[in-house]
Amino acid sequence: MDVGSVLSGFAVVFEPQNLLYCVIGVTLGMLVGVLPGLGPAATIAILLPITYNIEPTPAVIMLAGIFYGAQYGGTITSVLLRLPGEASTVVTALDGYQMARQGKAGSALGIAAIGSFIGGTASIILLTLIAPLVADAALEFGPAEYTVLALIGILLVATLGNGALIKSVTAAGVGLLLATVGLDPLMGSPRFTFGSDQLADGIDFVIVAMGLFGVGEILYNLEHRLRPQPAVLSFGRAIPRRMEWLASRMAILRGSVIGFVLGVLPGGGATMSSLVAYAVEKRAAKDSSRFGKGAIEGVAGPESANNAAATSSFIPLLTLGIPANATMAVLFGALLLQGIPPGPQLIVDHPDVFWGVVNSMYLGNLILLLLSIPLIGVFVRLLRVRAGILAPLTVLVTMIGVYSIRNNAFDMFLVIALGILGYGMKKLGFEPGPFVLAFVLGKLLESSFRRSMRLFDGDVLGFFRRPVSAVLVAVLLITIVVVPVLRMVRSRQAARIAREPSQV
Amino acid sequence: MTVDQSAPAEVSEQPDEDGPLRGGPVLGAVAGAIPVALGLATLWYARGLGFGRLGDPGPGLWPSIVAVLLVFAGAVIAARARVARDTEAFTRGTAAVVIGAASLAVYTYLFELVGFEIPTVLLLALWLRFLGGESWRVTAVISVLATAGAYALFIIGLGVPLPHLIGG
Amino acid sequence: MSESFARRRVLAVLAAAAVLPVAACGGVKGGSDDAGSDYPTRAVNFTVPFAAGGSGDLISRAVAKAAEKPLGQSIVIANKPGANGAVGGKEVLASTPDGYNIALAVKSLFAITPLVVNDPTAIQPDKMEIVATLVQEDYVLVVNAASPYKTLEELVKAPSVKYATAGVGTGGQLSQALLFKGAGTTATDVPFDGGAPAVTALLGRQVDAMSGSLAETMEHIKAGKLRPLAIFSTERSEFLPDVPTAKEKGYDVVVDQRRFIIAPAGLPEAVSTKLEQSFAEARKDPAYETFLKDNYMERWEVSDEEARQHLKDSATEFATLTQRFGLTFKS
């Protein structure tokens, strides 16, 4: 790392033009983050033509700002309306929405914003220090590692629910099944597409999340429209109380590290990180039964993690020229249009762009934090809007948002169908969370497993021969075999000890 | 094993006094029957896809594994239908859900046909007045304003190519 | 009950009242204008049937921007991805042939996709008019710079090769399958979910080789991380003059991607001429020229008939080759 170029990167950031574009980018990002469906990838694509006429550095600063700004905005709808616009905010909706129902929406969003700020900033510091190192490590992740990682993720998913485990497992199973719709990833044969090429590429995650959470919830509430919802009278404060801060500071710290590490992995890193952060918090908590019922750590951990992951997902793009997710792919295109091909040479050939963009993220995160706190106060008032008015507006924005993903009305029909499914699941006691997350991880698991098998020439033992995957397999075995066995032994002992005095 | 783990959580769950009506054992059985049916249908469908070998799994293998999981899980759910208390009965209010979902489908159909403005006003009016029980005045004001707002935001502001009537 | 009936009737009347006059005058934007002599009188919708940010999206935006001036109207781009361009393409071809709906199309949809998927509703070339041909993109076979294989000969003699592709039915898959089959190499294809993950896998040495477009691989070649062994074009590429063609090495495998703009068949003469001229003018734009250079795309500028012939020939050739080598992509 060249200290001189890092510092000159700060000089780049504080040029008035760059400052301005940074502010525009993060504000815009936050706003589109609030709109369900219309994600940062689409927004950046829409803005591409405008960036033709801007210098490369401010253009990329602005577009990057849209990306991480959207992470802040997405939390707002997840918490207030239970509308997660990205896979990485699904787990936030679990406890965040419950907190909102309990009149603590402000606290949930406040801690999310602070967690996001800390996660994001920590991630930038790590990025500055060890980006090239981490990037090389990410390349060690091949299909075998992704297989084990996805398997761990899916097992974590099954434990997310509050109700009966068997129902979480079933919901996750249906999610896995839905993920197989589309052309087979290795053979190209159509599966469950029923001859329609609208389904050939599978179903977009946002449609699944919007359908099961958003439309499903709204339909469910229609049934009970005659019985008024308990009015939410208080919102909590955006600036957390001492107690809330104490409860979540470790979660934020852990989430930041988890997010940074997993975010570097192309494909599903951010989602995995939020999921792992949630699971870690649930394990670390003294009373894990609070989770799913409004535990503040359940918001703080995953939110810190997904923002840290959003930041570290820039590493593969900027150091290797590999886009880690859909938004990074569009940013890749934006850089190309600017005549700055993203790749290993970027930091050498265009240090001003590299460090300008990286350092602009410090500022962008700070702006977002300052922007969030007062805006939270405005957004939580949404909860005071009567359900009779809020529901149609939400449904409208959802429908248009879904259309905008592929500019395709077929997807609107899909979201309605999934909404009906979500409603039915709720009536029958299934939760949408495991379904939606299993949907995301199922694609990763199946295709990675099949790729691994081809690479190993069909030898399952191949998973144990690669160092990273062997370690992951060990982690997996410890979680699903050793820990439950130990717990069982311990509870037997405890039972025996409890019995003995009575025998005496 | 899965059953054992989940049992305590369920017992500790207290029914809401004011909450929705609990479903009976029939609904509980339905909750198990659907995954079973889905699993069986998938198995039937996946049979034609080819299972491949473990060394090179075919397109049908993974859906079949998931389908078997669903059949077993569904069977367990159905078996516990008598004791499970996590379903909700369908009520007269269900009609509103049907109307709501149908209106969205009609909306989508009209939206492509005649552009988004008129169907949007109609959809909002239906939901506000009939499903939401708002007054006619509120309905009129909000449905028109929200449509205009959506137009300004999505079409003018964000350049989403929604089919529309007004403007270029 | 009666209330809901009344409600339904009110709705039906409202809907009918709203829909009828509108439908009668065809007022929905994107609908039809009858004439053609004063074309264009409003913005032209350009459907890009690929996701934003990819090569197909970028070239469309570049050429559309340059074509707006000669056309005299703005060109509005809408991404409508799905099924290698079939979703957006079919929709545009089903619209009124009035010149207000055009789309980008790719050669692989006509030459490779039919080898992979049975689609009875696939786009028939006689349903479309090729308004402009744009570019040709070559596929290059690359290995990791640390790979023991320095030349194509060494690679095909390897005891076993695992090669990455950007997915089923891509030019990268076809070119490698034909090459390794022709050379008698024991090779396994490992399809990834797009070009970037395939490049990532090669950079991490998860696979031995991959074939990708120049846009996907060139930066890594320049940085010395990947080594090009052969290019699947008829002649050497201007961007990689030192890299031999597969043909030179004795493997007659020519696979490339070509991009062009289509409109529904039956455009009025004046409209078709105006579109053709506008895009011909756009291709001369200096910004477009820079774009092509930056993205390693070569010009492919031929007439409608020649383009059609090329698509037809390639489809036949690929079908024959795969048959001769006993390759099946369909299951």
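The values are calculated or read from the model by the stated rules, or taken from the named source; none is laboratory data. Values in this document were obtained by computation on a predicted structure and should not be read as measured data. Glycine also receives a Cβ, built like all others from the backbone with ideal geometry; neighbour counts cover every protein chain displayed. Accessible surface is based on the protein model in full, side chains and every heavy atom, while ligands, DNA and RNA are left aside. Shrake-Rupley method; radii C 1.70, N 1.55, O 1.52, S 1.80 Å.
Among the residues in region A:341-355, are any within 30 Å of A:ILE54 (Cβ to Cβ), open to solvent by 10 Å² or more (accessible area, probe 1.4 Å) and either within 14 Å of chain B (Cβ to nearest Cβ) or acidic (Asp, Glu) (or both)?
Checking region A:341-355: at least one residue is within 30 Å of A:ILE54 (Cβ to Cβ), open to solvent by 10 Å² or more (accessible area, probe 1.4 Å) and either within 14 Å of chain B (Cβ to nearest Cβ) or acidic (Asp, Glu) (or both).
What about A:LEU48, is it open to solvent by less than 10 Å² (accessible area, probe 1.4 Å), in a helix (DSSP H, G or I), closer than 19 Å to A:TRP355 by Cβ and within 14 Å of another protein chain (Cβ to nearest Cβ)? Outline the logic, then answer.
On the way: open to solvent by less than 10 Å² (accessible area, probe 1.4 Å): yes; in a helix (DSSP H, G or I): yes; closer than 19 Å to A:TRP355 by Cβ: no; within 14 Å of another protein chain (Cβ to nearest Cβ): yes.
For A:LEU48, the condition - open to solvent by less than 10 Å² (accessible area, probe 1.4 Å), in a helix (DSSP H, G or I), closer than 19 Å to A:TRP355 by Cβ and within 14 Å of another protein chain (Cβ to nearest Cβ) - is not met.
List the number of the failed condition for B:ALA78; all other conditions in (1) closer than 24 Å to A:MET425 by Cα; (2) open to solvent by 30 Å² or more (accessible area, probe 1.4 Å); (3) at the interface with chain A (Cβ under 9 Å from one of its Cβ atoms) hold.
For B:ALA78, the exception is condition (3).
Just to be sure before I move on: is B:LEU165 more than 30 Å from B:VAL26 (Cβ to Cβ), more than 10 Å from chain A (Cβ to nearest Cβ) and not charged (D, E, K, R) in the structure I sent?
Criteria met by B:LEU165.
Which condition number in (1) modelled with pLDDT of 85 or more; (2) within 24 Å of A:PHE449 (Cβ to Cβ); (3) open to solvent by 60 Å² or more (accessible area, probe 1.4 Å); (4) more than 8 Å from chain A (Cβ to nearest Cβ) is the one that B:TYR45 fails?
Here B:TYR45 meets the rest and fails (4).
So in region C:208-233, with the set limited to residues that are outside any helix (DSSP H, G or I) and facing chain A (nearest Cβ under 7 Å), which one is surrounded by the fewest Cβ atoms within 10 Å (Cβ to Cβ)?
C:ALA223
Here's a check for you: in region A:222-251, which residue that is at pLDDT below 85 and among the polar types (S, T, N, Q) is most open to solvent (accessible area, probe 1.4 Å)?
This residue is A:GLN229.
Select, from A:LEU368, A:LEU428, A:LEU375, A:LEU421, the only residue that is open to solvent by less than 10 Å² (accessible area, probe 1.4 Å) and hydrophobic (A, V, I, L, M, F, W, C).
Residue meeting the stated conditions: A:LEU368.
Do we find that C:ALA201 is farther than 30 Å from C:ILE102 by Cβ and in a helix (DSSP H, G or I) in this structure?
It is true that C:ALA201 is farther than 30 Å from C:ILE102 by Cβ and in a helix (DSSP H, G or I).
All but one of (1) of a type outside the set (Asp, Glu); (2) touching a Gly at 6+ places or on another chain (Cβ under 7 Å); (3) at pLDDT below 90; (4) within 30 Å of A:ARG406 (Cβ to Cβ) hold for B:VAL66; state the number of the condition that does not hold.
(3)
Among the residues of region A:23-35, which ones are open to solvent by less than 10 Å² (accessible area, probe 1.4 Å) and touching a Leu at 6+ places or on another chain (Cβ under 7 Å)?
Answer for region A:23-35, where residues must be open to solvent by less than 10 Å² (accessible area, probe 1.4 Å) and touching a Leu at 6+ places or on another chain (Cβ under 7 Å): A:GLY25, A:VAL26, A:MET30, A:VAL32.
Output the residues belonging to region A:173-186 that are at the interface with chain B (Cβ under 9 Å from one of its Cβ atoms) and assigned to a helix (DSSP H, G or I).
If the condition is that a residue be at the interface with chain B (Cβ under 9 Å from one of its Cβ atoms) and assigned to a helix (DSSP H, G or I), then A:GLY173, A:VAL174, A:LEU176, A:LEU177 are the ones that fit.
For C:SER272, work out the one condition from (1) over 22 Å from C:GLY56 (Cβ atoms); (2) in the same structural domain as C:GLY72 (by TED's automatic domain parsing); (3) open to solvent by less than 40 Å² (accessible area, probe 1.4 Å); (4) assigned to a loop (DSSP other than H, G, I, E, B) it doesn't fulfil.
Result: C:SER272 passes all but (4).
Take the conditions open to solvent by less than 10 Å² (accessible area, probe 1.4 Å) and either over 12 Å from the mean Cα position of the chain (by Cα) or without any contact (Cβ under 8 Å) to a residue 24 or more places away in the chain (or both) and apply them to C:ASP138. Does it pass? Before the answer, list the steps.
Details: open to solvent by less than 10 Å² (accessible area, probe 1.4 Å): yes; either over 12 Å from the mean Cα position of the chain (by Cα) or without any contact (Cβ under 8 Å) to a residue 24 or more places away in the chain (or both): yes.
In short, yes.
Name the residue that is nearest to A:VAL60 (Cα to Cα), counting only residues in region A:318-332 that are over 20 Å from the mean Cα position of the chain (by Cα), crowded, with 24+ Cβ neighbours inside 10 Å and at the interface with chain C (Cβ under 9 Å from one of its Cβ atoms). It would help to see each step written out before you state the result.
Filtering region A:318-332 for residues over 20 Å from the mean Cα position of the chain (by Cα) gives A:318-321, A:332.
Filter once more, keeping what is crowded, with 24+ Cβ neighbours inside 10 Å: A:318, A:320-321.
Pick out the ones that are also at the interface with chain C (Cβ under 9 Å from one of its Cβ atoms) and you get A:320-321.
Numbers: A:LEU320: 17, A:GLY321: 15 Å.
Result: A:GLY321.
Among (1) open to solvent by less than 30 Å² (accessible area, probe 1.4 Å); (2) over 23 Å from C:GLY172 (Cα atoms), where does C:VAL302 come up short?
(1)
So in region A:279-317, with the set limited to residues that are facing another protein chain (nearest Cβ under 10 Å) and surrounded by 24 or more Cβ atoms within 10 Å (Cβ to Cβ), which one is farthest from A:LEU127 (Cα to Cα)?
So, considering only residues that are facing another protein chain (nearest Cβ under 10 Å) and surrounded by 24 or more Cβ atoms within 10 Å (Cβ to Cβ), the one farthest from A:LEU127 (Cα to Cα) is A:LEU317.
In region A:187-221, how many are within 14 Å of chain C (Cβ to nearest Cβ) and assigned to a helix (DSSP H, G or I)?
Number satisfying all stated conditions: 3.
Being among the small types (Gly, Ala, Ser), away from every other protein chain (no Cβ under 14 Å) and either open to solvent by 60 Å² or more (accessible area, probe 1.4 Å) or in contact with a Phe, Trp or Tyr (Cβ under 9 Å, 6 or more places away or on another chain) (or both) is the filter here; which residues of region C:275-290 pass it?
Hit for region C:275-290 is C:ALA282, nothing else.
Do any residues in region B:54-66 that are of a type in the set (Ser, Thr, Tyr) have Cβ atoms under 7 Å from those of residues that are in a loop (DSSP other than H, G, I, E, B), where the two are at least six apart or on different chains, and which pairs are they?
Short answer, once both residue conditions are applied: B:SER64/B:PHE51.
Read through the list (1) within 7 Å of another protein chain (Cβ to nearest Cβ); (2) surrounded by fewer than 16 Cβ atoms within 10 Å (Cβ to Cβ); (3) within 18 Å of the chain's Cα centre (by Cα), then give the number of the only condition that B:VAL97 fails.
Here B:VAL97 meets the rest and fails (2).
Please go through region B:110-168 and give me each residue that is open to solvent by less than 50 Å² (accessible area, probe 1.4 Å), polar (S, T, N, Q) and without any contact (Cβ under 8 Å) to a residue 24 or more places away in the chain, ordered by number.
B:THR139, B:SER143 - these are the residues of region B:110-168 that are open to solvent by less than 50 Å² (accessible area, probe 1.4 Å), polar (S, T, N, Q) and without any contact (Cβ under 8 Å) to a residue 24 or more places away in the chain.
So is C:ARG236 open to solvent by 10 Å² or more (accessible area, probe 1.4 Å) and closer than 11 Å to C:ASP138 by Cβ or not?
yes
Among the listed residues A:ALA45, A:ALA64, identify the single one that is in contact with a strand residue (DSSP E or B) (Cβ under 7 Å, 6 or more places away or on another chain) and either farther than 15 Å from A:ALA300 by Cβ or not assigned by TED's automatic domain parsing to the domain that holds A:ILE124 (or both).
Result: A:ALA45 is the single residue among A:ALA45, A:ALA64 that is in contact with a strand residue (DSSP E or B) (Cβ under 7 Å, 6 or more places away or on another chain) and either farther than 15 Å from A:ALA300 by Cβ or not assigned by TED's automatic domain parsing to the domain that holds A:ILE124 (or both).
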